[in-house]
Structures are given as C-alpha cells and as structure tokens.
Amino acid sequence: MNSKSLYQEVILDHNKKPRNYGTLDHASHHAVGHNPLCGDHLDIALNLKGEHIDSIAFQGESCAICKASASMMTTVVKGKTRKDAETLIKEFRDMATGTLNLDAEHHLGRLTVFAGVRDLPTRVKCAILPWHTLHAALNSVTTTSTEAEDDPMHAAIGDA
Ligand code: ZN
C-alpha cells in the first residue's frame, strides 16, 4: 500500500471508530483547543498517575484529519510518561511542518502516516491541534488556540 492510500485508510478508520472518544471522570489535566482557520474544536482530558498518562480521552467537533490525529494520538501516548509525550508532541509538530528529518532517529512510528500534511498547508494545523492541546493539558493551560499570540508553538507553526 502506498503512503497516500495508507493515509486515507487511517483517516477513514479513525473517523469511523475514534479511539478514546468521550470524557474522563476526575481528569487531573484538561485543555480545550481551537483551530479557527478550520473550525476544529477539541477537548482533551487525561489522568496522570505519577509521571505516566494513565488514561486519556478526547471529544469535540473537528474535520477528519484533526479527529484522526487526535484518535491516533490518544492510543500512542496512553501509558507513556509526560516527558515521552512531550518528545512526541515536538516530533509530530516538526514532521507536520516539514522540519523533521524522517530518516533520522525519531519516535513517531505509525504516526508518520501524517507526514504528508506538510504538503497541505491548510491542513497542518488540523493535524497538529490535538498535540498542541495535549501539550496545553500537560502544562495545565486550560484553553489554547493555534492562533494565540502567547502560544509557545505559534512561531514554530508559522503562517502555514
Ligand atoms: Zn481541521
């Protein structure tokens, strides 16, 4: 299967059956993310047990790319440490914006199916929003936007 059809397959599958979709009781960390350019709106809740992400859930209204990215993200970061999750957040962002060397060592695994969004400037923020919102949740920032001026990721994402 070539990378384009694999990408379409993954997007369709995660939209039909989003993983970890819903809310969490007694979430220790929570954040809401917006991508005004597309209208994506995500709510991410998680429970940290020590340094590990013990459980995570998302819900919201978003386009297919955003939803698939969120769904896949929850399956990948569940059970990981906060530090490992932050590494993935950075690598995913760099991949989506085209600054990550995919031939060098990274931890993205099957998340590389989203590498193609770097060629779709209007979709980059859709794919990044869940990761961006997870970063906010882990750092106890309750609302975030891909367009916020004080957003630490704003400069890195640029005006793509
Ligand atoms: Zn979107």
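Looking at this structure, is residue 133 closer than 16 Å to residue 44 by Cα and either buried (at least 19 other Cβ atoms within 10 Å of the Cβ) or within 13 Å of the ligand (Cβ to nearest atom) (or both)?
Yes.
State whether the residues of region 88-95 include one that is within 13 Å of the chain's Cα centre (by Cα), within 16 Å of the ligand (Cβ to nearest atom), in contact (Cβ under 8 Å) with a residue 24 or more places away in the chain and not in a strand (DSSP E or B).
Yes - at least one qualifying residue is present in region 88-95.
What are the residues in region 66-81 that are in contact with a His (Cβ under 8 Å, 6 or more places away or on another chain), more than 16 Å from the ligand (Cβ to nearest atom) and of a type outside the set (Ser, Thr, Tyr), if any?
Once the filter is applied, which keeps residues that are in contact with a His (Cβ under 8 Å, 6 or more places away or on another chain), more than 16 Å from the ligand (Cβ to nearest atom) and of a type outside the set (Ser, Thr, Tyr), region 66-81 yields 79, 80.
For (1) over 15 Å from residue 76 (Cα atoms); (2) not hydrophobic (A, V, I, L, M, F, W, C), each residue gets a yes or a no:
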site: 2; (1), (2): yes, yes
site: 9; (1), (2): yes, yes
site: 15; (1), (2): yes, yes
site: 29; (1), (2): yes, yes
site: 38; (1), (2): yes, no
site: 44; (1), (2): no, no
site: 49; (1), (2): yes, yes
site: 61; (1), (2): yes, yes
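I need a count of the residues in region 100-130 that are farther than 15 Å from residue 67 by Cα and within 13 Å of the ligand (Cβ to nearest atom).
3
Taking only region 1-25 into account, find how many residues are crowded, with 18+ Cβ neighbours inside 10 Å and of a type in the set (A, V, I, L, M).
3
So which residues in region 31-40 are more than 12 Å from residue 132 (Cα to Cα) and either free of Cβ contacts under 8 Å to residues at least 40 places away in the same chain or open to solvent by 40 Å² or more (accessible area, probe 1.4 Å) (or both)?
Scanning region 31-40 gives 36, 37, 38, 39.
Among the numbered criteria (1) at pLDDT below 95; (2) away from the ligand (no atom under 16 Å from the Cβ); (3) in contact with a Lys or Arg (Cβ under 7 Å, 6 or more places away or on another chain), which one does residue 157 miss?
It is condition (2) that residue 157 fails.
Just the residues that are over 17 Å from residue 5 (Cβ atoms) and free of Cβ contacts under 8 Å to residues at least 12 places away in the same chain, please, taken from region 100-133.
Once the filter is applied, which keeps residues that are over 17 Å from residue 5 (Cβ atoms) and free of Cβ contacts under 8 Å to residues at least 12 places away in the same chain, region 100-133 yields 100, 101, 103, 104, 105.
Among the residues of region 136-154, what is the count of those that are open to solvent by 60 Å² or more (accessible area, probe 1.4 Å) and modelled with pLDDT under 65?
3
The values are calculated or read from the model by the stated rules, or taken from the named source; none is laboratory data. Model, not experiment: these values are computed from the prediction. Neighbour counts are summed over all protein chains in view; Cβ atoms, including those assigned to glycine, are modelled from backbone coordinates with ideal geometry. Areas reflect the complete protein model, heavy atoms only, side chains present, ligands, DNA and RNA absent. Shrake-Rupley method; radii C 1.70, N 1.55, O 1.52, S 1.80 Å.
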